[in-house]
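First comes the structure, then the notes that go with it.
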Amino acid sequence: MRRWILISILGVGLVSGSLSAVGQDASQLSQKGMAIFQEVLAGDEARLPEALGLMEQARTLDGTRIYNLYTLGRAYFYEAVRHNRGEALVKAEEAFARIMELQPKHTEAMSFHGSVLTVLSRGQDIPKFMQGVREMKTAIESEPENINNRIVMAFTAQNFPPEALAAIGNYNALADLEMVSSRFAGLSFPRAPHADVVMKAFVAEAYQRQGDHEKAKTLFEAALAVPVPADSGKRSGREVLAAEITKRMNGGENSLFTNRIFTSCQSCHLRYPEKLLK
C-alpha cells in the first residue's frame, strides 16, 4: 500500500476504485454461486447450471480467486460424477490445476486434482494414474488432519480394480474412513445434517466388503441410531438415507459406495430428496 502513496491521488482513486468494484462483483457472484451449489448438494440438482454460470462469471472478472476456483472445480467434479460427463471432469481438472499454480500448498485442490487425474487416465494412461495417486497421498501427508483429503482418497480408491490397488501398495480405505467418521461422531452441521450418519454407514460398508458382517451390522445400526433432525426437509432426507442403509444392512446386494443416493457429496446435505430422486 505504501508505494501507491507516491502516485497521484487521482490515480490512486481511479485504480483502487476500479479494482474494488471488479473484486466486489466477482466476490458477490462467487458467493451466490456457492450458495446455489449448496442447494444443489441438498438435492436441487436442476440449479447446477445456474451455480456454474455464476462462478464462471466470477472467474471471468477475477481468475485468481482461490475460493471461487475451488468451488467451481468441486461443482464440475460433482457434475462429472453424478452425470458421467467427461467434459465436466476436464473443466474440474483445469480449475484445480489453476489453484495449484496460484497456491501450490493448497492440499485440498491437490487432492481433488489427483482424483480427477486417476479418472481421466481411464486405466490406460499409467503415468497419469500414478501422478494422481501421488497427489492424493501427498495431500494427506502434508495435512494429516484434513478430512477432505482423506475422504477424496478413500472414495476415489473405491473405483480402483484390485490390480491398481496392488500397484499403489494395497491401499485400504478403511483407516481413512474411520478417521473421518470419528471426527463427525455426535456432531450435526447446519448444511451437512447427515454427515455422522453417512460416515458411519460408509465405515460399515467398508467392513461389509472385507467380510466382517457382524462389525458392519453394528455400525449400520449405529448410523440408524443417530438422532433425526427436527427440520422437515432434513428429516425427509434422513428417511431416504435410512431406508437405503436398512436395505443394505438386511442383505441388499447394492453397495452404498455405488448407490446413487450416496454418490458424491449430496448424501451428507440431503434435504430435497424428492428433487434428487426426480
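We did not get these values from a lab; they are worked out from the coordinates using the rules stated. Keep in mind that what you see is a predicted model, and the values were worked out from it rather than measured.
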Can you grab the distance from the C-alpha centre of region 80-100 to the C-alpha centre of region 239-278, Å, no decimals? 24 Å
How large, in Å, is region 24-142 by the Kirkwood hydrodynamic radius built from its alpha-carbon pairs? 14.4 Å
Please identify, among LEU174, LEU165, LEU117, the residue showing maximal mean-square fluctuation in a Gaussian network model of the chain using a 10 angstrom Cα cutoff. LEU165
Normalised by the residues of the chain, what does the relative contact order come to in percent, with Cα pairs under 8 Å and at least six apart? 16 percent
So which of LYS105/LYS200; LYS128/LYS200; LYS217/LYS275; LYS137/LYS215; LYS91/LYS128 end up more than 21 Å apart by C-alpha? LYS105/LYS200; LYS128/LYS200; LYS217/LYS275; LYS137/LYS215
Treating the angle as unsigned and between 0 and 90°, give the value, to the nearest 10°, between the Cα long axis of helix 107-120 and the longest Cα principal axis of the chain. 70 degrees
Two-decimal log10 I(q)/I(0) for the chain, as the Debye equation yields it once each C-alpha is a single scatterer, q = 0.10, 0.13, 0.15, 0.16 Å⁻¹: -0.57, -0.92, -1.18, -1.31
